[in-house]
Amino acid sequence: MTVNEIRAKYLAYFEKNGHTIIPSAPLVPQNDPTTLFTGSGMQPLITYLLGAPHPKGNRLVDSQKSFRAEDIEEVGDNRHTTFFEMLGNWSLGDYFKKEQLPWFFGFLTDEVGLDPKNLYVTTFIGDEKNGVPRDTESAEIWKGLFASKGIDAKVVEIGSEADGYRLGMQGGRIFYYDVKKNWWSRAGVPENMPAGEPGGPDSEVFYDFGTPHDLSFGAECHPNCDCGRFLEIGNSVFMQYIKKEDGSFALLPKQNVDFGGGLERIAAAANGDADVFAIDVFADVIGLLIHFSGKEYENKQYQRSFRIVADHMRAAVFMLVDGVRPANTERGYVLRRLIRRAAQHAQKLGVESDEGTESMLSRCASIIIEKYKQAYPELDGEETHNRITEEIWKEEKQFAHTLVGCMKEFEKVAKGGHISSEQAFVLFTTYGFPFEMTLELAHERGIDVDEDGFKRLMNEHKNLSRAGGEKKFKGGLADTSEKTTRLHTAHHLLLKALQIVLGPDVKQRGSNITQERLRIDFSYGAKMAPEQLARVEEIVNEKIQEALPVTRSTIPKAEAETLGAEHEFGAKYPDMVSVYSVGPKSANESNPRFDEAFSIEFCGGPHVQNTSELGGTFKIKKEEAVASGIRRIKAVLTD
Ligand SMILES: [Zn+2]
Ligand SMILES: [Zn+2]
């Protein structure tokens, strides 16, 4: 059964049972630009689970696009993916266990056609210390459901995960686990919940692929064992309790169900193949790669690469359609990494793109768009298709281009026999060289890399990016309107022009920029001659005419100082700084080409993306003394 069929059946089945279908939210939360992606089913609905009326009613069902960035490194085994679809259904103070469990069981066995003999379930053992009873009701319901299929389901006790590895299956079908495995609240286990917090037991369903247990995980196998024999395919959370002031638990007046299930995992179970990459949405992409590479999927040397390309391209398609663009910060960086990592593994498979041929990654993306465009109409249409594939192709080309410069820089650094955190960071931020590649290449040559230091720098980098423009720029910007932003970029051009005309010792001593004009105070000992003023104006206007890109980079402070980036006199800067460079024409975010830049300044922005956006003509209105050795210029952009 295909992923599209299973999704459609699920939505239809719950719709038939009185649920309203809610469309998937975009991967990028519209109200929170700093968050990467949504993913958990519970969080967006919590206010309704606490009693607020939902405009769409008390019974809801959806399939939500989800993404886990922390899983990028994990992709390559038989079950980790970055993008996935989470099936969800909710009862907001409406139905409860005796409806939810039979519905999910009926969906799995009657609709998807899973053999009930391969299903195993877990329920909550109770928490005596906190006075929360064992969930015997769920166990009873499960017993009846299995009996309806002719299965005598034995109920057994496990307790903790460690107990599971000790006690094993015990011939059981229904397993009692403890608070760590079968309890849900926002604060975790009952003990950690504050007074007034709702929570409750949950009941998970596992599919048994029948593969042999791997002893390296523990002596015995059990449903929560990580050896790969069992795959969790769905979890029903029963929000039925509220914690009281005295620490005891009372029943909520209105009880809720919050269900989450893995669509791809259910598809894998329907396939009877524990390899999630064997499901149809991946199989076609992998088939294409097999065809063009001539390599076999089963070949362990290449299997990881097949999986990484398929997973990363699917995730990239969904990010691109939701408005993410490749960049060096935040989610743009996640996307860049996905595309570049896929390109790297395509290369490993021998199907890399070169300038002359069609991009293999774009072809993979086309297959994915075809697969999903009916369920996700935002993917439909030729224009969308072209935009997505072109964006991937562009990033691929840029990466190939970057790699040439990168390799040169890497060789230089590698000569030292050790790669420091700062060197790895510069390779990444300045040259766009993925850290994984630095690691891989260093490993091949037996050179060590300061990984921890790199991760620390990355975190500082992320925090800096997140802080936002206005917070970092203290240099006298009145606001961040378009006009002020244009004058800000003109201000950078002006400082450089002053240094060219008056000498490199000219330093900025103050600035103020409004929508009407810019003002700069700078160190210089004499009144400027009219020819000097004219020459400065001329240089700035030339740079506007040349239409130079304005590029932002985040680099180590020491690196910025070596580059001679202008910084404010006496200002304190963090270890990682934001710099803006103007020019050369070929500069871009992944390759800022500092050696050929016209101007580089420590600066938090904002700026225009290209000097051509300054539009008008730069004109100096006034040049005067403000203090001994300090001059002031006021200037404007005229139409
Ligand atoms: Zn096992
Ligand atoms: Zn600035």
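Points worth noting:
- Pairwise Cα distances in the stretch 473-628 exceed 27 Å in 17 percent of cases.
- Taking 0.36 nm per residue of separation and subtracting the current Cα-Cα distance, fully stretching the chain between THR47 and LYS455 would add 143.3 nm.
- Summing charges over neighbours of ASN591, with a neighbour being any other residue whose Cβ is under 14 Å away from its Cβ, gives +3 when K and R count +1 and D and E count -1.
- Where the alpha-carbon atoms of the stretch 371-468 are placed on the principal axes, they occupy 53, 32, 21 Å, in descending order.
- Here's the list of lysines a cross-link from LYS415 could span, going by alpha-carbon distance under 26 Å and ignoring same-chain residues fewer than 8 apart: LYS348, LYS455, LYS557.
- Once the C-beta distance of GLU596 and GLN532 is scaled by a Förster radius of 41 Å, the resulting FRET efficiency is 0.95 to the nearest 0.05.
- Label-point separation, SER586 to ALA627 (7 Å along Cα→Cβ), nm: 4.4
- Taking Cβ atoms as reference points and 14 Å as the exclusive limit, the residues near SER216 contribute a net charge of -2, counting Lys and Arg as +1 and Asp and Glu as -1.
- Computed with a 1.4 Å probe over protein heavy atoms only, the accessible surface of the stretch 391-462 comes to 48 Å² per residue.
- In the context of the full set of protein chains, residues of the stretch 212-356 present 36 Å² of accessible surface per residue (probe radius 1.4 Å, heavy atoms only).
- The stretch 229-292-the stretch 49-122 distance, computed between alpha-carbon centres (Å): 5
- Carbon-plus-sulfur accessible fraction, the chain (probe radius 1.4 Å, protein heavy atoms only): 48%.
- Of the GluC sites (Glu not before Pro) found in the stretch 529-579, the ones in coil according to DSSP and having at most 16 other Cβ atoms within 10 Å of their Cβ are GLU546.
- Relative to the longest principal axis of the Cα atoms of the chain, the long axis of helix 3-16 makes an angle of roughly 60 degrees.
- The alpha carbons of the stretch 49-148 occupy a box of 40, 40, 37 Å along the principal axes, longest dimension given first.
- Across the stretch 230-308, Cα pairs under 8 Å and at least six residues apart give a relative contact order of 20 percent.
- Segment HIS418-ALA278, extension gain: residue separation times 0.36 nm, minus the distance between their alpha carbons: 46.3 nm
- Contour excess over end-to-end distance, with Cα ends at ILE620 and ALA12 and 0.36 nm allotted per residue: 212.0 nm
- Charge dipole (the chain, unit charges on Cβ, about Cα centre) - positive-most of ASN58, GLY168, GLY405: GLY405
- Sorted from longest to shortest, the spans of the Cα atoms of the stretch 248-347 along the three principal axes equal 62, 40, 25 Å.
- Taking all Cα pairs closer than 8 Å and separated by 6 or more residues, the relative contact order of the stretch 350-411 comes to 30 percent.
- Cross-linked pairs LYS181/LYS371; LYS65/LYS572; LYS572/LYS634; LYS9/LYS300: Cα-Cα separations exceed 32 Å for LYS181/LYS371; LYS65/LYS572; LYS9/LYS300.
- Applying a DSSP loop filter and a limit of 13 other Cβ atoms within 10 Å to the GluC sites (Glu not before Pro) in the stretch 211-312 leaves GLU245, GLU296, GLU298.
- Here the mean projected area of the convex hull built on the C-alpha positions of the chain is 34.3 nm².
- For the stretch 219-259, alpha-carbon Rg over 2.2 N^0.38 Å: 1.80
- Area projected by the alpha carbon convex hull of the stretch 345-404, averaged over all directions, nm²: 4.5
- Expressed to the nearest 5 percent, the antiparallel share of DSSP beta bridges inside the chain is 85 percent.
- With a simple spin-label model that places each label point 7 Å from the Cα along the Cα-to-Cβ direction, the separation between GLU613 and ASP575 comes to 3.2 nm.
- Neighbour-limited loop hits for trypsin sites (Lys or Arg not before Pro), the stretch 138-181 (at most 15 other Cβ within 10 Å; DSSP other than H, G, I, E, B): LYS149, LYS154
- Average projected area [Cα convex hull, the stretch 209-301], square nanometres: 10.3
- For the stretch 361-467, the relative contact order is 22 percent, taking Cα pairs closer than 8 Å that sit 6 or more residues apart in sequence and dividing their mean separation by the residue count.
- Computed [θ] at 222 nm, deg cm²/dmol, the chain (DSSP H ≥ 4; -39,500 (n - 2.57); rounded to nearest 500): -12000 deg cm²/dmol
- Here the label points at GLU436 and HIS291, each 7 Å from Cα along the C-beta direction, are separated by 2.6 nm in the simple model.
- Among the listed pairs LYS496/LYS622; LYS98/LYS129; LYS527/LYS621, those beyond 21 Å (Cα-Cα): LYS98/LYS129
- The charge dipole of the chain, taken about the Cα centre with unit charges on the Cβ atoms of Lys, Arg (+1) and Asp, Glu (-1), comes to about 1700 debye, rounded to the nearest 20.
The values are calculated or read from the model by the stated rules, or taken from the named source; none is laboratory data. Note that the coordinates shown come from a computational prediction; the quantities given were computed from them, not determined experimentally. Backbone-built Cβ (ideal geometry, glycine too); neighbour counts: all protein chains shown. We work out accessible area using only protein heavy atoms, side chains counted, and drop any ligands, DNA or RNA first. Shrake-Rupley method; radii C 1.70, N 1.55, O 1.52, S 1.80 Å.
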